[in-house]
Protein chains: 2
Amino acid sequence: MANDRHTSYSAEALPKLMTFRLSRLQARANAQAARILMKHAGISLSEWRIFVIIETNGKIAPAEIVRLTQFDKGLVSRTIKKLHENGMVRIENSESDHRSHLIDFTPQGFALFERARPIMRRRQKLFRDALEPEELEVLFRAFDKLDLALDDMEDKL
Amino acid sequence: MANDRHTSYSAEALPKLMTFRLSRLQARANAQAARILMKHAGISLSEWRIFVIIETNGKIAPAEIVRLTQFDKGLVSRTIKKLHENGMVRIENSESDHRSHLIDFTPQGFALFERARPIMRRRQKLFRDALEPEELEVLFRAFDKLDLALDDMEDKL
DNA sequence: AGAAGAAAGTTGACGCGTCAACGAAAAAGG
DNA sequence: CCTTTTTCGTTGACGCGTCAACTTTCTTCT
C-alpha cells in the first residue's frame, strides 16, 4: 500500500504546508507561554489573556471580551469563574443589563498580573526581534490576508 | 482599578501582539479543517495528519512520525489506536525492534484518505493564493526564524 | 402590552496538545 | 557479559478551543 502512490506529497512536503507550519509554530509558542506563566505566576494562558484584556480595556463585560478577541464565550466564562474563585477578579453586577456583569482586577489579581508582565513583554520582544522590520510588517499583513481568506473559504471549497 | 494603568497595552494593542494573532489565526484554521474533515470524511484532524504522513513516507513507525512532525507521542499513539480500531490502518509488528511496529493504510483507509484529499488540496491552495508569492516566501522564512527563536528563548527570559 | 427573536452567560461533551509516569525492549559501556 | 541508560509505546491528567443546548434577560415589532 502507501508505496504505490502517485506523487502527491513529497518527503519534504510537510514543512511547506502552510497550515501545518502554522499549527506547529503556534503549538510550540503556546506551550512555552503556558510553562512560563505557570512557573512565574501560577496561572494558565487563558487567565493571562483575560488579565491582558482587563488591563487594556478596564472593567469589561465577558461579551465584550468575546467581541474583542474572538475567544469562545464558554472558555471565557469558565476562565473568569476560576479567576473569581481564586480572588483575582471581582464581579460587579451590571445595572443596565441583568444578564451581564463587569469584570475587574482585584488588587491581588493586578499584583499577579504585574508579576508576570515583565517576562511576557521580554518574550514578545524576542519574537519581534527575531525578524527584520520588513518581515514583521509582511507577517502581520499575511495574518490579515489569511484571516480574510478564511472568512469565505468554506463556501469556495 | 484597571483604569489607573500606566500605558502598557493600548486599546489596539491586541492585534499587534504576535503570539495573539498567531494563536487566533491558527485556531480558526484548525477549527475549519476539523469541520471540513468531519463533514467530508468523518475523521478528526489528527487522523488526517497521520494519513498524510503515511501517504508521504509509506509504512512508518510511530517514533518516526514523532520525529518528522514533532507531534506528541501520546497523541500519535491514541490517534493510531483509533484509526486501527476503525480499520483504517494496519499494524505490522517490527522484527528488528520488538518495542515498535509499522503503520500502513488499509485499502479502506487509503480510500478515505483519497476522498478527503481533493478538498484539503483546494484549501491549501486557497491559503497560498491569498498571498503574493513574495509574501508567501517571507512568511515561511518568518516561520523558520521564529522557530529558531523559540529554541533558546526560555534561557534568555 | 404581548409575542417573537436576539443576546448574555453557563454548562456538557469532545478533540487537540502537552507533560509526566510507567513497563518493556534495545543500546551503550564498563 | 551484565549493569546502566536510552528509546518506544501506552496511559492518565490537565488546559485549550469549539460547538451545541439551555436559562435568563433584553430588544424588536406589531
Take peptide B:27-38, look around each residue's Cβ out to 10 angstrom, count Cβ atoms belonging to other protein chains, and average those counts. 3
Average partner coverage of B:115-123, which counts Cβ from other chains inside 10 Å: 2
Within the set of other residues whose C-beta is less than 10 Å from the C-beta of B:Gln32, count the net charge using Lys and Arg as +1 and Asp and Glu as -1. +2
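Determine the dipole magnitude for chain B: charges of +1 sit on the beta-carbon of Lys and Arg, -1 on that of Asp and Glu, nothing else is charged, the reference point is the Cα centre, and the result goes in debye to the nearest 20.
Details: 26 positive and 23 negative charges, 163 e Å.
Dipole about the Cα centre, nearest 20: 780 debye.
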Give me the one-decimal nm value for the distance between modelled label points at A:Val66 and B:Phe20, 7 Å along each residue's Cα-to-Cβ direction. 1.9 nm
Each residue of segment A:104-110 in turn: what ³J(HN,Hα) in whole Hz from Karplus with 6.51, -1.76, 1.60 and θ = phi - 60°, glycine and Pro shown as x? 8, 4, 8, x, 5, x, 5
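Within 10 Å of each Cβ in peptide A:53-64, how many partner chain Cβ atoms are there on average? Round it to a whole number, please. Each step should come with its number before you reach the end.
Values: counts 3, 3, 7, 9, 5, 6, 3, 1, 0, 0, 0, 0.
Taking all residues of A:53-64 together, the mean is 3.
FYI, it's all coordinate maths here, none of it is from the lab. Computed from a predicted model, the values in this text were never measured in an experiment. Methodologically, a virtual Cβ is constructed for each residue, glycine included, from the backbone with ideal geometry; neighbour enumeration extends over all protein chains shown.
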